[in-house]
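Visitor: Let me begin by handing over the structure; questions about it come next.
No lab work stands behind these numbers, since they all come straight from the coordinates. Predicted model only: the values in this text are computed from it and were never measured. Cβ placement follows ideal geometry from the backbone for every residue including glycine, while neighbour counts extend to all protein chains displayed.
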């Protein structure tokens, strides 16, 4: 038998305010935070700082701690047409945006199916999805290259975007499938029974619930496309120039300063995207992003 | 004001039959509980009523008209789940007003109906709270208000109180009951807790293994369960087999008189049962009718009462006695079975451990 209710019947009706769960972090939490911040500064901040110095160095010989002569020659080169930096920047951006959109269109329904439904052959689909991570992209791209030549997709933006989808889709779908699995179907079913049609359910219930996860997955996809070199080189045939294609020749020698300047242009979007989305990542609901609380 | 009729409703998942040939008429304004252990098909039935799941065969009718072809969003059967109660990105007012917004009701009417509904669930003035700022009980009330504000034809509650603590459950039961009768809405709720079903529902429908076992007012399940399994589910595991002739049942422990006017008719092999709380202890067995010998196996003090576990013939019985009951383990006692409380049940086809369901 249940114990008799000794509380006044209206005890529950008193509005209760629950304190926000932003307690001061525990000692362990504080140290984890310090270690994390230090790591970010050391592993991300310092190399970028070094690049910054390099990009303004005119002469920097061993064993000088700092360049003996400064100059903006590298930046002038980056800004010049002959460097093709702007062309690469523009192509890379177009490409990454297109790949992200395509990943959303293809990946969202797929990840929903994987996260929320059980169906025959689900484990096979999951396994196939992992293939691009297991098999080197180069191998797959070589084969695809032949087919794309026949289909006249080589040296086109769309063709390169299609190839970038191969490494991007697994990450996108993995993140989003866990978002959908966390989120479940009860809220959508509730909304539906309250009279919301499919479009309304998606707009008012599904989309707000998955938005931070979607942002994270899109960011991944954007950056994966942004960093592609070999696939772009093969399918783009060297005529479709992205930023990595501009950058790579410099890494093998000629000018450290030029390489440093272009590298900075190359990493800038990653850092901007990270800063823009860090608020989303740090929110309580980031568990929806499949990462737990960061 | 809608009556609901389920006609030979069945649902299969592959080779698995989740609900088998279920028929039930629910009157307008009635509160019916689907009771059963998890996996018995009660939630599946609820989902078929809302339209979230299509029946394999059979029909669902609202006011005599089939609704099987009507999609969930236009059916007017609103579901309240036990988890994922509120839309997390919306505040209380947006949550409660959701259904009205979807229906295109204008803003001022939404806000007045939302406030009215929040008063009804005793949460006035919480419109601007976010879902995560509310306690479990408050979230449950908001979810209820959100369902009721659209004036649903049928309100469906899937284990609505399962996540709440014991005290809160009692308060919420009373609230659901009073709102439901005030609005005169037809409501169906699903629970695995027989106590909750009994306290809340006008009628209880007990489901086991996808089959509707018995339907009736709550007391029916205590006074006259149809089968041994139904009796067990309502915590009565006291069974004694015998052969009936008229109002006498001959058992291995002596003759027992039953009330022929009350118990089901028919002579032959029967199983008699009596609830633990109706059994009396007799000083000795000589010369009294309806007294059977037993051996005390254990004595459990339960605070407000004492539970005796006894060996009766070759089965285990439970007797519920007063708190101050003096009994010693291992001694022989006699049990008096008052005629008016003896009931005859059908032996369930699936043999089960007697003690399994007799929880305290």
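Visitor: I'd like the distance separating the alpha-carbon centroids of segment A:164-223 and segment B:219-246, in whole Å.
Guide: So the two Cα centres are separated by 51 Å.
Visitor: Can you tell me what percent of all Cα-Cα pairs in the protein assembly as shown are more than 49 Å apart? Walk me through the numbers before you get to the answer.
Guide: Details: 81869 of 213531 pairs.
It works out to 38 percent of all Cα pairs.
Visitor: Suppose R0 equals 56 Å; then what is the FRET efficiency for residue A:230 and residue B:163 from their Cβ-Cβ distance, rounded to the nearest 0.05?
Guide: Working: r = 52 Å, r/R0 = 0.93.
The pair residue A:230/residue B:163 has a calculated efficiency of 0.60.
Visitor: Return B:203, A:30 ranked ascending by Cβ neighbour count within 10 Å, so the fewest neighbours appear first.
Guide: Values: B:203 17, A:30 11.
Lowest count first: A:30, B:203.
Visitor: What spacing in nm lies between the two simple spin-label points modelled at residue A:30 and residue B:182, each 7 Å away from Cα in the Cβ direction?
Guide: 5.1
Visitor: I'd like the antiparallel share, as a percent to the nearest 5, of DSSP beta bridges with both residues in segment B:4-220. Can you show the working numbers first?
Guide: Values: 20 of 38 bridges.
The antiparallel proportion sits near 55 percent.
Visitor: Further, regarding this structure: Once the piece of chain linking residue B:151 and residue B:21 is laid out straight, how much longer is it, given 0.36 nm per residue of separation minus the C-alpha distance between them?
Guide: Numbers: separation 130, 0.36 × 130 = 46.80 nm, distance 3.00 nm.
Stretched fully, the residue B:151-residue B:21 segment lengthens by 43.8 nm.
Visitor: Now a separate question. Per residue of A:178-187, count partner chain C-beta atoms within 10 Å of its C-beta, then hand back the mean as an integer.
Guide: Numbers: counts 0, 0, 0, 0, 0, 2, 3, 3, 7, 7.
Going residue by residue through A:178-187 and averaging, the value is 2.
Visitor: May I ask you to compute the full-extension gain from residue A:40 to residue A:248, defined as 0.36 nm times their residue separation minus their alpha-carbon distance, rounded to one decimal in nm?
Guide: Values: separation 208, 0.36 × 208 = 74.88 nm, distance 2.52 nm.
Once the chain is fully extended between residue A:40 and residue A:248, it gains 72.4 nm.
Visitor: To one decimal place, what orientation-averaged projected area in nm² is obtained for the convex hull of the Cα set of segment B:4-220?
Guide: Values: hull surface 47.0 nm².
It is 11.8 nm².
Visitor: Test of understanding: what is the full-extension gain from residue A:268 to residue A:146, defined as 0.36 nm times their sequence separation minus their Cα-Cα distance?
Guide: Working: separation 122, 0.36 × 122 = 43.92 nm, distance 3.43 nm.
Contour length minus Cα-Cα distance gives 40.5 nm.
Visitor: Sorting check: for B:262-268, A:259-265, A:129-135, which peptide has the highest mean count of neighbouring beta carbons within 10 Å, and how do the rest follow? Walk me through the intermediate numbers first.
Guide: Working: B:262-268: 11.4, A:259-265: 22.9, A:129-135: 13.1.
Packing proxy ranking, top to bottom: A:259-265, A:129-135, B:262-268.
Visitor: Taking the DSSP beta bridges in the protein assembly as shown as the whole, what percent of them are antiparallel, to the nearest 5?
Guide: Close to 75 percent.
Visitor: At a Förster distance of 41 Å, what's the computed FRET efficiency of residue A:123 paired with residue B:66, Cβ-Cβ distance as r, to 0.05? Present the calculation step by step, with values, prior to reporting the outcome.
Guide: Working: r = 39 Å, r/R0 = 0.95.
Efficiency, rounded to the nearest 0.05: 0.55.
Visitor: Just counting partner chain Cβ atoms within 10 Å, what average do the residues of peptide B:69-81 show around their Cβ? Numbers along the way, then the final one.
Guide: On the way: counts 0, 0, 3, 8, 10, 2, 3, 3, 1, 5, 7, 2, 7.
Rounded to a whole number, the mean comes out at 4.
Visitor: Sequence gap at least 6, Cα distance under 8 Å: using those rules, report the relative contact order of segment B:166-224 to the nearest whole percent.
Guide: Values: 37 pairs, mean separation 13.4, N = 59.
Value for segment B:166-224: 23 percent.
Visitor: Let me ask you something else. Where the centroid of each part is defined by its Cα atoms, how far is segment B:260-313 from segment B:1-67 in Å?
Guide: Segment B:260-313 and segment B:1-67 have Cα centres spaced 38 Å from each other.
Visitor: How crowded by other chains is B:168-180, given as the mean number of beta carbons from other chains within 10 Å of each beta carbon?
Guide: Details: counts 4, 2, 7, 8, 1, 0, 2, 3, 0, 0, 0, 0, 0.
Counting other chains' Cβ atoms within 10 Å and averaging over B:168-180 gives 2.
Visitor: Could you check the simple spin-label distance between residue B:89 and residue B:336, using points 7 Å along Cα→Cβ, in nm with one decimal?
Guide: Between residue B:89 and residue B:336, the simple spin-label model gives 7.0 nm.
Visitor: May I ask for the angle, rounded to the nearest 10°, between helix B:107-120 and the longest principal axis of chain B, with both axes built from Cα atoms and the value confined to 0 to 90°?
Guide: Taking Cα atoms only, the helix is inclined about 20 degrees.
Visitor: Sticking with this one: Between residue B:297 and residue A:199, what's the calculated FRET efficiency when r is the beta-carbon distance and R0 is 56 Å? Round to 0.05. Could you put the intermediate results ahead of the total?
Guide: Numbers: r = 64 Å, r/R0 = 1.14.
The computed FRET efficiency comes out at 0.30.
Visitor: Then there is this: What distance in nm separates the simple spin-label points at residue A:80 and residue B:115, each placed 7 Å from Cα in the Cβ direction?
Guide: 7.2
Visitor: What's the center-to-center distance, using Cα atoms, between segment A:38-79 and segment B:101-121 in Å?
Guide: When both Cα centres are located, 62 Å separates them.
Visitor: Specify the angular offset, from 0 to 90 degrees and rounded to the nearest 10, of the alpha carbon long axis of helix B:166-183 from the longest principal axis of the alpha carbons in chain B.
Guide: Computed tilt is about 60 degrees.
Visitor: A further question on this structure: Of the listed peptides A:61-67, B:341-347, B:21-27, B:330-336, what is their order by residue-averaged count of other C-beta atoms within 10 Å, with the highest listed first? All intermediate terms of the calculation are to be shown ahead of the outcome.
Guide: Values: A:61-67: 8.0, B:341-347: 18.6, B:21-27: 16.7, B:330-336: 14.6.
The most tightly packed comes first, giving B:341-347, B:21-27, B:330-336, A:61-67.
Visitor: Then there's this: Can you order the peptides B:129-138, A:48-57 by their average number of other Cβ atoms within 10 Å per residue, highest first?
Guide: Working: B:129-138: 18.6, A:48-57: 16.6.
Descending packing order for the listed peptides: B:129-138, A:48-57.
Visitor: For segment A:83-289, what's the relative contact order in percent, using C-alpha pairs closer than 8 Å and at least 6 residues apart?
Guide: Details: 225 pairs, mean separation 70.7, N = 207.
Relative CO of segment A:83-289 lands at 34 percent.
Visitor: Rank these for me by crowding, B:306, A:231, going from fewest to most other beta carbons within 10 Å.
Guide: Final ranking by Cβ density, sparse to dense: B:306, A:231.
Visitor: Counting other C-beta atoms within 10 Å, which of A:87, B:69 has the fewest, and how do the rest follow? Please list the in-between numbers first.
Guide: Numbers: A:87 16, B:69 8.
Fewest-to-most Cβ neighbours within 10 Å comes out as B:69, A:87.
Visitor: Before anything else, pin down the relative contact order of segment A:156-243: Cα pairs under 8 Å, at least 6 apart, normalised by residue count, whole percent.
Guide: Details: 55 pairs, mean separation 46.3, N = 88.
Dividing the mean separation by the residue count of segment A:156-243 yields 53 percent.
Visitor: To continue, here is another question. Helix B:92-102 versus the longest principal axis of chain B: what angle, 0 to 90°, nearest 10, using Cα atoms?
Guide: It is inclined by approximately 70 degrees.
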